[in-house]
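Read through the structure below, which is laid out as structure tokens, and then see the notes.
The values are calculated or read from the model by the stated rules, or taken from the named source; none is laboratory data. Since the structure is predicted, the reported quantities are computational estimates derived from the model, not experimental observations. Neighbour counts run over all protein chains shown; Cβ positions are idealised from the backbone, glycine included. The protein model used for the area step is the full one, side chains on, heavy atoms only, and it has no ligands, DNA or RNA in it. Shrake-Rupley method; radii C 1.70, N 1.55, O 1.52, S 1.80 Å.
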Amino acid sequence: MSTVVVPSIDEVIRRVVWDQECASWHENPVQEEVPDPLTFVIFGGTGDLAHRKLVPALYRLTTSRLTPKQFAIVGFGRSHQDNDEYRQGLHASLQDSEVQVQDATWDDFAGRIWYVQGQYDDEKSFTSLAGMLDRIDHDVGTQNHRLFDLATPPVLCLPIIENLRKAGLNHPTAKGGWVRLIMEKPFGQDLATARRLNHCVHDVFDESQVYRIDHYLGKETVQNIFVLRFINGIFEPIWNRNYVDHVQITVAESLGVERRGGYYEQAGATRDMMQSHLLQLLTLTAMEPPATFTSDKVRDEKVQVLDALRLASEHDPLRSIVRGQYGPGMADGRMLASYRAERGVAVDSRTETYVAAKFVVDNWRWAGVPFYLRTGKRLAKQVSEIAIHFRRAPHMLLPDGNTSQPRSNVLVLRIQPDEGLALRMEVKVPGPGMRVRPVNMSFTYEEAFGGMSPDAYQRLLLDAMRGDSTLFTRTDEVEAAWALVAPMLEEQQNSTADLATYAAGSWGPAEADALLQQDGQRWREP
Ligand code: BG6
């Protein structure tokens, strides 16, 4: 039988007014940025995501005074432990992380945390949870505001959603209340399963209550794409087919699949990265300015891009895709094992650890401009960037016999690491004659703002608490993105052709180079 651990009244009323100066991010949060009172419920409360991402983000938000005074966290999990054991586990994880934990702030934060032991498929566990949330509303003053985060394996999402409905937790139970649901990726395995999942979610929750996380949207440099494009006057006039030759989007990882071989075998780079993070970066790069910076207007414009997007080779989409898998290799003098030798991976696995694709956006702004996307594990370097390659000058004015070979201008939006911007341009080399050489005009977040940017989860959890869904993916976005990668998934499923291979620690398969060479281009080496 499942039991629910009820906190003592002493615990409920144990809250402290923060007197510590904020460590980072918002030195002085604006009052409007602080969400309403609320209870944050984490399903999968004892899991990896809760320990590594969610609770550290909530802790940092709290030390930055960006959570309300009336704030409670409830971890829901299957294992038996009491409140204190749960808090100690979270404390240990925080200390292992990059977060600087101070005793005074931890004590206050810990006093807001409770643990509920229950089963995800057991209605009674949810009835007990409902009782506990009512008590917290009463004692802490969280005003019937509840945010449920599904930090569980995907297979548990539907039973949880169904039990939330049965317990009447999918809608507010008191005047002025609200209920929101955070969903973590993956949102399905393909278009059909994503549709089914969305359908089940919509049976219980209204779309306006649902916050689907793509953590790339929480990265500062990704949000800066909006600012760069739509707050500055100089870029937008040249952000189109008349000036842009092509766009390259790279999300390269130097790590392999680590301990996630089992998951990755089912996913591969297309599901894990291309369908979500890379297509999100593309939509932000290609979208039209929204009429207002509000969630639906922004997401409408992103969906317009996805609707106009297609693999470049219309009649034979496979010619626009390269899927590869890493073999053994070397990096920093270290031998690296092949993907097939990783734990949890089949020795004859056909899962791709690399995917590159050439897309085009069929609309007036982008007609004829290729968007080359690539992502992979065990590549030469960890780097994520968007590179806008501009057209060359129409006529080269260098004197006859000049051996300089001017290259086109490239604007690089560096997502990570060394977050910032760089504009490559040609300059004259000092001295006689007219030799030219490329240089970068650059800006880095580090130099301009110092310190580290907040973790993406901080931003996203804060926005969900505040009810701003601009940086979350909507049903139609998710489904359009699945539709776009369908040919890649079909190939993964049906093709018997050998996958392209690449050495671990390299820049990917030669076939991906050929994808650009046929257009007279080549991948940047970031
Ligand atoms: C996740 C993928 O969504 O993103 C991982 O499941 C990947 O496989 C990770 O490593 C990359 O995120 P980041 O923020 O480290 O670039």
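Just to be sure I understand the model, the point goes 7 Å from the Cα along the line to the Cβ. What's the resulting T496 to L156 distance in nm?
4.1
Roughly how much of D203 is accessible, in Å² to the nearest 10, using a 1.4 Å probe?
Accessible area of D203: about 110 Å².
List the pairs from K53/K219; K53/K377; K53/K124 whose alpha-carbon separation is above 18 Å, in the order I gave them.
The answer is K53/K377; K53/K124.
When only Cα pairs under 8 Å and 6 or more residues apart are kept, what is the percent relative contact order across the range 240-339?
Relative contact order for the range 240-339 comes out at 16 percent.
Computing the accessible area with a 1.4 Å probe over protein heavy atoms, can you report the carbon and sulfur percentage for the chain?
Of the solvent-accessible surface of the chain, carbon and sulfur hold 50 percent.
Could you work out the mean projected area of the convex hull around the alpha carbons of the range 473-526, in square nanometres to one decimal?
Directional mean of the projected Cα hull area for the range 473-526 stands at 6.0 nm².
Quick one: check the C-alpha center-to-center distance for the range 75-154 versus the range 179-244, whole angstrom.
28
Got the relative contact order for the chain handy, in percent, Cα pairs under 8 Å and 6 or more residues apart?
Taking the mean separation of contacting Cα pairs over the length of the chain, I get 17 percent.
Among rounded, prolate and oblate, which fits the range 369-526 when a ≥ b ≥ c are the square roots of the eigenvalues of its C-alpha gyration tensor, a/c under 1.5 means rounded, and a/b larger than b/c means prolate?
oblate
In a solvent-free Debye calculation with one equal scatterer on each Cα, what is log10 I(q)/I(0) for the chain at q = 0.09, 0.13 Å⁻¹, listed in the order of the q values?
After summing over all Cα pairs, the log10 values are -0.71, -1.36.
Principal axes first, then extents: for the Cα atoms of the range 337-384, list largest minus smallest coordinate on each axis, whole Å, largest first.
48, 23, 11
In terms of solvent-accessible area of protein heavy atoms at a 1.4 angstrom probe, what is the ranking of H145, H91, H315, highest value first?
H315, H91, H145
List the GluC sites (Glu not before Pro) within the range 256-349 that DSSP assigns to loop and that have no more than 12 neighbouring Cβ atoms inside 10 Å.
E258, E314
T142 accessible area, nearest 10 Å², 1.4 Å probe?
T142 exposes around 0 Å² with every protein chain in place.
Could you order K381, K69, K302 by accessible surface area, starting with the largest, using a probe radius of 1.4 Å?
Accessible-area ranking of K381, K69, K302, largest first: K69, K381, K302.
Pop the C-beta distance of V427 and Q518 into the FRET formula with R0 = 35 Å and round what comes out to the nearest 0.05.
Plugging the Cβ-Cβ distance into 1/(1 + (r/R0)^6) gives 0.65.
Per 0.36 nm of contour for each residue apart, how much would the distance between V227 and R165 grow if the chain were fully extended, relative to their Cα-Cα spacing?
Result for the pair: 18.4 nm of gain on full extension.
Sum up the charges of everything whose Cβ sits under 12 Å from the Cβ of L181, counting Lys and Arg as +1 and Asp and Glu as -1, but leave L181 out.
0
For an R0 of 25 angstrom, estimate the FRET efficiency from the Cβ-Cβ distance between I234 and R391 and round to the nearest 0.05.
Taking R0 as 25 Å, the efficiency between I234 and R391 is 0.90.
I want to check the label-to-label distance for E314 and R259. Put each point 7 Å from Cα in the C-beta direction and report it in nm to one decimal.
4.9
Not counting ligands, DNA or RNA, and with a 1.4 Å probe, what is E525's accessible surface area in Å² rounded to the nearest 10?
Looks like 140 Å² after rounding.
Any chance you could run the full-extension gain for T193 through A174? It's 0.36 nm times the residue separation minus the Cα-Cα distance, nm to one decimal. List each step's numbers first, then the result.
Details: separation 19, 0.36 × 19 = 6.84 nm, distance 3.43 nm.
Gain on extension, T193 to A174, equals 3.4 nm.
In the chain, what percentage of the DSSP-assigned beta bridges are antiparallel, given to the nearest 5?
Just about 55 percent of them are antiparallel.
Can you tell me the accessible area per residue over the chain, all protein chains present, probe 1.4 angstrom, in square angstrom?
Each residue of the chain exposes 45 Å² on average to a 1.4 Å probe.
If I take every Cα pair under 8 Å that is 6 or more residues apart in the range 160-208, average their sequence separation and divide by the length, what percent do I get for the relative contact order? Each step should come with its number before you reach the end.
On the way: 20 pairs, mean separation 18.4, N = 49.
Across the range 160-208, relative contact order equals 38 percent.
Please find the FRET efficiency linking T470 to D36, where r is the Cβ-Cβ separation and R0 is fixed at 25 Å, and quote it to the nearest 0.05.
It comes out at approximately 0.90.
Quote to one decimal, in nm, the extra length available between D82 and T292 on full extension: 0.36 nm per residue of separation minus the C-alpha distance between them. Please list the in-between numbers first.
Values: separation 210, 0.36 × 210 = 75.60 nm, distance 4.72 nm.
Here the answer is 70.9 nm.
Where does the chain land at 222 nm, in deg cm²/dmol rounded to the nearest 500, when only DSSP H runs of n ≥ 4 count, each adding -39500 (n - 2.57), divided by all residues?
Rounded to the nearest 500, it is -9500 deg cm²/dmol.
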